[in-house]
1. Can you give the calculated 222 nm mean residue ellipticity of the chain, where each DSSP H run of n ≥ 4 adds -39,500 (n - 2.57) and the sum is split over every residue, rounded to the nearest 500 deg cm²/dmol?
2. Taking the solvent-accessible surface of protein heavy atoms with a 1.4 Å probe, what is the per residue accessible area of the range 50-145 in Å²?
3. Is there a pair in LYS53/LYS165; LYS51/LYS165; LYS41/LYS76; LYS58/LYS145; LYS41/LYS179; LYS41/LYS163 whose C-alpha atoms are over 26 Å apart, and which pairs would that be?
4. Please give the net charge around ALA120, taking every other residue with its beta carbon less than 14 angstrom from that of ALA120, where Lys and Arg add +1 and Asp and Glu add -1.
5. Counting only other residues whose beta carbon sits under 14 Å from that of PHE164, what net charge do I get with K and R as +1, D and E as -1?
6. Highest mean first, how do 99-105, 153-159 rank when packing is the count of other Cβ atoms within 10 Å averaged over residues?
7. What is the Cα centroid distance between the range 48-71 and the range 104-183, reported in whole angstrom?
8. Compute the relative contact order of the range 118-171 as a whole-number percentage, counting only Cα pairs closer than 8 Å that sit 6 or more residues apart in sequence.
Amino acid sequence: METKEKIFLTSLTPLFRPTWEELFMQEAFNISQRSHCMEHKVGAVIACTEKGKQSIIKDGYNGPVKDAPHCDELGKCSRGNPKCVGSHAEINAIGNAASSSANITGAILFVTLSPCVECAKHVVNTGLSEVIYMEDYGDVCSPKKEEAEMALDIIRRSKICTKFKGRIIAPDPETKQPKIYYF
């Protein structure tokens, strides 16, 4: 009978020690995997980055409103349907913060895909101090390139909006093994 050696994950040497920005973006990526969206899995994390107080305040991912069926459960995407029940990751993170009375004024939004115009308006009005995004909405969805630029312009007028520069760990699409991705 073969015995398996027990591995303690806490004793493994990490692949790298992430910066706070990398940690928060990794969490945004991780929460995006909860999405049922058949087009784009998007995650958002609202975080405090003040030295000594670094923490996640709230998070969210794109998906339908409460008690509505998920697109993947229906077997079809409701994207483009005027009656789409999807809510974007940024709005869900802001809503989750509001429902728990969390103060997000001055916090930073880490999001895996740059905000659309509607989300940009909400981000500006909430008092978040900065937006850091991993991928550009206009690059992922080229027909929306102009709208994506408009959204970034809305945010840049009143906030700092930057493309993420760092690393995250995600499964390789072919091997399904963890891989470090650099942005």
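1. Working: 6 runs with 56 residues, N = 183.
Value at 222 nm, helices only, nearest 500: -9000 deg cm²/dmol.
2. On the way: 5170 Å² over 96 residues.
Spelled out: the 1.4 Å probe surface of the range 50-145, per residue, equals 54 Å².
3. Values: LYS53/LYS165 22 Å; LYS51/LYS165 19 Å; LYS41/LYS76 15 Å; LYS58/LYS145 29 Å; LYS41/LYS179 18 Å; LYS41/LYS163 18 Å.
Over 26 Å Cα-Cα: LYS58/LYS145.
4. Numbers: positive: LYS121, LYS144, ARG156, ARG157, LYS159; negative: GLU90, GLU118, GLU130, ASP136, GLU146, GLU147, GLU149, ASP153.
Around ALA120, the surrounding residues sum to -3.
5. Details: positive: LYS163, LYS165, ARG167; negative: GLU21, GLU22, GLU27, GLU130, GLU135, ASP136, ASP139.
Overall, the nearby charge balance is -4.
6. Numbers: 99-105: 10.9, 153-159: 15.1.
Highest-to-lowest ranking by the protection proxy: 153-159, 99-105.
7. Their Cα centres are 14 Å away from one another.
8. Values: 50 pairs, mean separation 24.8, N = 54.
Computed value for the range 118-171: 46 percent relative contact order.
The values are calculated or read from the model by the stated rules, or taken from the named source; none is laboratory data. It should be emphasised that the depicted structure is a prediction, and the values quoted were computed from it without experimental measurement. Note that we place each Cβ from the backbone using ideal geometry, even for glycine, and neighbour counts take in every protein chain shown. We work out accessible area using only protein heavy atoms, side chains counted, and drop any ligands, DNA or RNA first. Shrake-Rupley method; radii C 1.70, N 1.55, O 1.52, S 1.80 Å.
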